[in-house]
Amino acid sequence: MADYDFSSIDRFVKTGKFLEAQGALENEAGYIYSDRDTLLFNLDTGILNHFAGEFNESNYKLSLAEKLCAEYSADSFFQSVASAVTNDNVKDYSGEAFEDIYTNIFMALNYIHLGKIEDGMVEVRRFDNKLKLLQQKYETLCKNTDSESDVKVKKVSIQFSDSALARYLSLLLYRTEGDLGNAEVDYKFIYKAFEKQKNLYNFPVPSCVKEELSVPDNKCRLNVIIFTGNAPVKKEEVVRAYWSSDVWYKLALPVMEKRPSYITSVRVKATNLKSNSTFYFPAEKIESIENIALDTFRQKESVIYAKSLARSIARSVSNTFINTMAENAQKSDDSSVALFFTLLDITSKVTTEVVERADVRSSRYFPSEASVAGFNLEKGDYSVTVEYFHGSRVVFSESKNISVRPKSLNLVESVCLR
């Protein structure tokens, strides 16, 4: 997967042709994904299905990905042994923390678009439950890694403990059901998420949030959720250190890198199809998925470093022994033994270079940011256009029609993965 050229598929994605992108990805699946990448295939195609409006198919794929994530995270004994002497690419890809938890957000949106409000609420709750178990899962992973070698795992704390986006969705769902008490609880938690996680939410609370629970009786509320950019992917970073002039150890580590977005601002335009009245509203960021991806990866990164270091030290000890035996054989003028250990020394060093590879498998189509807009309108049929800007220029726009009704969840979703 790391060597595959995604440019042709990404051209479809950047122009909003998600069905074409999903089809191209499936046609190339044999070249992109190995037998160990079943979860990754379902994540990528499931997210593209969602953006293409294929909500049932998306839920099927994302649900399967979620089950595989739970199954593979348990980690089979044989795969653990194999990865201890080779690298983590021999293991089934078990997903990153942000991939697992945001799967539930997109399944919730699928259900909302299908008119299944209760099912959508279930997915939001499951997101919250996973977030609460994240630290516990990490502690177990650290304990298991500590028991495998003498190298200790550096304990890392993450800041991510609550999601403003999940709380916002929950607020909208409770409001739709008329449960204003629980909606107000979510309203307060949105502000707490910003207050307690300033490194992750380094931007203001969207101004529309304060209006979500005070919709006038003679008005209807229209909400828009907008996804932009591309979530981070992993790249390999190689570190070498020398034990002696002839022996070294190599660490190949996955590093999560941001993918800068081309979109600098977003505006929403709503036009009443009967009166032709048009209203403009800015979209404001509510969640940096990329910040959360980097934050949650820090825990796993410490575990990967410990495992890679233990593996490299073991190889270096072996290489040192082989190198010493080769030198001793050369000094004793035993040419056949010297040749044997010299060849073994060369093979061992080449093997270290070839085998020590970072696991850089990553999902490619999660967005990097979520923005929202909310405004009060008269009851009626509207054309909602989301305009994506680079500077002062509109570089992409998407329009959808919606019938705005009182006491309903009038929700429009738009996406531009640039």
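Okay, here's what the table says:
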item: Links that overshoot a 18 Å alpha carbon limit, given the list Lys234/Lys285; Lys285/Lys379; Lys219/Lys379; Lys61/Lys285; Lys17/Lys258; Lys235/Lys258; result: Lys234/Lys285; Lys285/Lys379; Lys61/Lys285; Lys17/Lys258
item: Protection-proxy order for peptides 384-397, 58-71, each taking the mean of Cβ atoms within 10 Å per residue, highest first; result: 58-71, 384-397
item: Amide N proximity, the range 89-110 versus Lys67 label position 7 Å along Cα-to-Cβ, cut-off under 11 Å; result: none
item: Estimated distance in nm for a label pair at Glu378 and Ser157, the labels positioned 7 Å out from Cα along Cα-to-Cβ; result: 5.5
item: Cβ-Cβ FRET estimate between Leu19 and Val122, R0 fixed at 22 Å, reported to 0.05; result: 0.20
item: Computed FRET value (nearest 0.05) for Asn202 with Lys132, which takes r as the C-beta separation and R₀ as 35 Å; result: 0.90
item: Computed lengthening from Tyr262 to Glu236, 0.36 nm per intervening residue step minus Cα-Cα distance; result: 6.9 nm
item: Gained length - Val215 relative to Ser392, 0.36 nm times residue gap less alpha-carbon distance; result: 60.5 nm
item: Length added when fully stretched, Ser399-Asn276, from 0.36 nm per residue minus Cα-Cα; result: 42.8 nm
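Every number here is computed from the coordinates shown, using simple stated rules; none is lab data. Computed from a predicted model, the values in this text were never measured in an experiment. Neighbour counts run over all protein chains shown; Cβ positions are idealised from the backbone, glycine included.
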